[in-house]
Structure formats: structure tokens, C-alpha cells
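Below you'll find the structure, written out as C-alpha cells, and then a few comments.
The values are calculated or read from the model by the stated rules, or taken from the named source; none is laboratory data. Just so it is clear, the structure is predicted and the values come from calculations on it, not from any experiment. Neighbour counts are summed over all protein chains in view; Cβ atoms, including those assigned to glycine, are modelled from backbone coordinates with ideal geometry.
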Amino acid sequence: MLRHITRPKAKVIWSRFSLPRLDGSFSKYSNLVSSPIKIKDYNSSYISIEFQDSDGSNVTNFSNFFLRDSCSLHNISIDPSSGQKLFTTGKIPTDIKPAKEPLIVQSENGDFFLKIQWDEVGLIGKESLYSADFLKKYSVFEKRRRGKVFYQDKLFWDHQAISKASQEINFNYKDYMDNENDFFCALKSINKYGLCFINNIPQQLFNSGSSNEWFIEKIANRIGYIRETFYGKLFDVKSIPDAKNIAYTNNFLPLHMDLLYYEAPPGLQLLHSIKNKTFGGENIFADSFHAATYIKEKDPQAFLALTTIPIAYQYHNDGEFYYYERPLIVEHDTVDYSTGSQIIKEVNYSPPFQAPFESGSVVEGKGDLLKDYIRGIKLFENFINDPTNQYQLKMQENSCVIFDNRRVLHSRNAFEYGESKDQQERWLKGCYLDTDTFMSRLRVYHEKLN
Ligand SMILES: [Fe+2]
């Protein structure tokens, strides 16, 4: 459910401007002195708004189509209780334009609005209002997505950078659970570095019958709903005989991501270290986005091949047959406004679950692309396996790592059992969350606390 959107009560205090006619002619007009927005022009294509604020003065031409589509007229364009749209974009007339001169109006609480009466059947006599804040937000590319995607806050790291961020990525369980600000900081760290650690979790009781007594569930539910998979809602990472997954052996586990054979792999993975006194078994993490940007800069042709040739991933075992193809690197269709280059959306690397390539099995004029691909994957693997680009630690018992499974690669050193009872068991409890669930919580806390 969307939150209730309140339509402001607007009063035209005064705002008769002498404005251009629909044929585009222009004549002199006066303005509301204190208004941060002024109408410079309007015609059959757009309405030209001049902004005057601390950023200086600039003019944006908003298309009539965009403004009509963004209309929030209650019971006509937007349902007032759900905030959901009541019309489809396809219903907007191709030649939509104001039926009469648009105006700047001021609400009783002093906010300024652009007021338009559209020449659309069904809207005759109705007034669409657009706040100065809304117009300002949509006039600047980077502001439109602020509070929604948080890409600008990501920091690609190597060993040195993540080691320096120790304070930023470590949280006390109690603070994470009880303090709104600490919890928000943990969410921001997951977005920024792709991982954080929750420490000093109370001792887990092992004979609890009810799953809601698992601390990992409490940590996950603080963010949102757990993503259930064929491993269950919660899963155990323990060594077992004849394991169907190499994670359940005591062998070295290479850097990888989980569940890439799903159409929508989970966004976050949580691992709660309950017993970890065996010898070795350190966890290793690496930032794949850093590796991808490195390749893009060093060898653009190889980078292109890595975004083009799909890798087949599968889990064909134990009565299951999951299968999905995806390239190593996937970019967003939008660009980072500060660098002008495309934003990396996700990386897909999980060698243990790779199936034979579907594309590239037969050479069909793709020879060069395959060579580029092989060069690229070598660059990628050399980068992520270089200890100067890794973060390695032996997870303390009663701590939990939360990491971005679409960005941060994880691995585990081999481990050996010792003599004592404590040294004969390694037990991590895990679960997943979807990216949507995490991003929703991050946006909500950004609105609430930023
Ligand atoms: Fe894994």
C-alpha cells in the first residue's frame, strides 16, 4: 500500500501573469516576488519553469506529457487513500496541453505550486497542482533518483579501504536492534561497502523449538521478510558426509555468489557464526564491483565481452534442477551522472555452479569476442584473488555478517578439526533477503532519519 498522499489546499493569492499564447509568442509578465518558481513560457509542447534558489537561476522545459502523467488530482488521477494511479499513460491525448494559462499559486501554508487546467476531456474545470519542490526535484537528473537508488553512496573497496572502514561496518547486536540511528548506519554500510558485521549477539540456545528464537531471524526481520529458498527459510552451514554442496565440506571454498541459478538470486546473505573454533575456516570477501570497474578501465573490449557472453548456472541435484544464464557483469541502463559511465547493477560469479557455456560452445564468428572474454575473466579472477583486494577474517562466535550477494563475493578457507569438543564443530546459521526488501528499508530510513 502506498502512503496517503494529501493534496494541498491551494489558494490563488495573486498571480495574473501576462504569458505567451499557445502559438509561442512571448510578452512581458510580472512575478510573485518570493516564489522560487516562475513561468517563463508555455505552449503546445512544454511549460518552461524558471527556478531561483540557492543553486542560482535556471530554466527547465517540462513536457506537457510528463506533467499530465504526473498529475496527482485526487479521485481523477490518484486514489487518495492508496496513492495509486487511476489512469494509464496511454490514455493521455497525444497533443495534451493547458486549456488556459498556467498559474503560480500559493497554499495557505506558504508553499508554491504550478497550477494547470488541462484540455483533456474529463479534466475540464479541474486543476492539477505541482509543488515547487516536485518541479525542482525533476528538473535535475541526479535529484530525481535521490532517496531511491543510493548508487552514489557506494564505495568500491580493496583490502586497505575496507580495513580502514572497520568502525563503519561493525555494530553491536543491541544497538542494531534497539537504536534507530545505528540500524540506519548498518543499512547505509551494506549499501556503501556491500557488507557489515553484527557483533555481541547473545549466546544462541540450541534446543529451541521455535524458529523465532533464532537470533539470525531477528537480525534479518529487522530489515524485512526472509527470502525462502529450497534450502529453507533458515539454513545451516555445517560439515556433513556426502554433502550435496561444497559449502558443507571442510574444503577450501572459492570466491562465489549464491543461487545464481535462480531467476532472481537473493540480494543479501546473512551468516551467523554460532560455533567456529575449528582451525582455519576464515571467511574471505572481495568487492566484485571494484573488479568490474578496474576491467572497464584497463580493457574495455574485455569488459564488453564480460557483459555480453552469458554464463550458465545450474543446481541439478537432490531432486532439483535450477538453471539460469547471465553474463558476468550486468550494467544498469542509466549512467552515473558524476562519471558519465553506466552503473554496474550486478555481478554473477559462482564457478562451483557453472554449467557448460551455451554461447561459445561452437565458434560462429564470435572468435574475437571469446578471446576478449577469456582475457576479461582472467583479469577478473586475478583481481578478486589478489589478497590486496580481499577482506579476510575469522568470524567470532556470536557475530553475524550481512553481505550483498549481488556484489560481494564470499569464500572460506579450508578448516581442520581439533581434539576438544569445541573444535569439532563449525556451525553457521544463514538466511537470505531480497534486494527489494533491503532497498525498501533503506529508503524508509532515509526518509525518516536523513
Ligand atoms: Fe556461499
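Across the range 220-246, which residue is nearest to Tyr324 (Cα to Cα) among those that are surrounded by 18 or more Cβ atoms within 10 Å (Cβ to Cβ) and away from the ligand (no atom under 14 Å from the Cβ)?
Arg227
List pairs: first residue in the range 197-222 and under 20 Å from Ser440 (Cα atoms), second residue at pLDDT below 85 and not aromatic (Phe, Trp, Tyr) anywhere in the structure, Cβ distance under 9 angstrom, at least six positions apart or on different chains.
That search, which allows pairs on different chains as well, returns Ile216/Gln204; Glu217/Ser211; Lys218/Asn212; Asn221/Asn212.
Mind listing just one residue for me: the one in the range 81-104 that is surrounded by 14 or more Cβ atoms within 10 Å (Cβ to Cβ) and touching a residue at least 40 places away in the same chain (Cβ under 8 Å) and, of those, farthest from the chain's Cα centre (by Cα)?
Going through the qualifying residues, I end up with Glu101.
Taking the stated definitions as given, is Ser166 surrounded by 14 or more Cβ atoms within 10 Å (Cβ to Cβ) and out of contact with any helix residue (DSSP H, G or I) (no Cβ under 8 Å at 6 or more places or on another chain)?
It is false that Ser166 is surrounded by 14 or more Cβ atoms within 10 Å (Cβ to Cβ) and out of contact with any helix residue (DSSP H, G or I) (no Cβ under 8 Å at 6 or more places or on another chain).
Tell me, yes or no, whether the range 239-261 has at least one residue that is at pLDDT 95 or above and touching an Asp or Glu at 6+ places or on another chain (Cβ under 8 Å).
There is no residue in the range 239-261 that is at pLDDT 95 or above and touching an Asp or Glu at 6+ places or on another chain (Cβ under 8 Å).
Within the set of pairs 6 or more residues apart or between chains, which connect a residue that is not assigned by TED's automatic domain parsing to the domain that holds Ile223 inside the range 175-192 to a residue that is buried (at least 16 other Cβ atoms within 10 Å of the Cβ) and of a type in the set (A, V, I, L, M, F, W, C) with Cβ atoms less than 8 Å apart?
No pair meets every condition.
When both residues are 6+ apart or on different chains and their Cβ atoms are under 8 Å apart, which pairs have a first residue that lies in the range 267-280 and is hydrophobic (A, V, I, L, M, F, W, C), and a second that is part of a strand (DSSP E or B) and more than 16 Å from the ligand (Cβ to nearest atom)?
Close Cβ pairs (under 8 Å, with a partner that is part of a strand (DSSP E or B) and more than 16 Å from the ligand (Cβ to nearest atom)) amount to Phe279/Glu416.
Exactly one condition in (1) farther than 29 Å from Ser34 by Cβ; (2) in contact with a helix residue (DSSP H, G or I) (Cβ under 7 Å, 6 or more places away or on another chain); (3) modelled with pLDDT under 95 is not met by Phe112; state its number.
Single failed check for Phe112: (1).
Only one residue in Glu381, Glu346, Glu358, Glu331 is among the charged types (D, E, K, R), without any contact (Cβ under 8 Å) to a residue 60 or more places away in the chain, within 20 Å of Asp404 (Cα to Cα) and outside any helix (DSSP H, G or I), so which one is that?
Glu331
Residue by residue through the range 413-427, note down the ones that are touching a residue at least 24 places away in the same chain (Cβ under 8 Å) and either assigned to a helix (DSSP H, G or I) or within 26 Å of the chain's Cα centre (by Cα) (or both).
Asp422, Gln423, Gln424
One residue is enough: does the range 428-448 have a residue meeting the conditions among the basic types (Lys, Arg), more than 13 Å from the chain's Cα centre (by Cα) and more than 30 Å from Thr278 (Cα to Cα)?
Yes, the range 428-448 has at least one match.
Could you check the range 394-407 and list, in sequence order, the residues that are of a type in the set (Asp, Glu) and either within 14 Å of the ligand (Cβ to nearest atom) or in a strand (DSSP E or B) (or both)?
Across the range 394-407, the qualifying residue is only Asp404.
In the range 247-301, how many are among the β-branched types (Val, Ile, Thr), outside any helix (DSSP H, G or I) and either within 16 Å of the ligand (Cβ to nearest atom) or under 27 Å from the mean Cα position of the chain (by Cα) (or both)?
Residues flagged as among the β-branched types (Val, Ile, Thr), outside any helix (DSSP H, G or I) and either within 16 Å of the ligand (Cβ to nearest atom) or under 27 Å from the mean Cα position of the chain (by Cα) (or both) within the range 247-301 amount to 2.
Residues checked against (1) within 14 Å of the ligand (Cβ to nearest atom); (2) at pLDDT below 95; (3) buried (at least 17 other Cβ atoms within 10 Å of the Cβ):
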site	(1), (2), (3)
Leu409	yes, no, yes
Arg412	yes, yes, yes
Phe415	no, yes, yes
Gly418	no, yes, no
Asp422	no, yes, no
Met439	no, no, yes
Val444	no, no, no
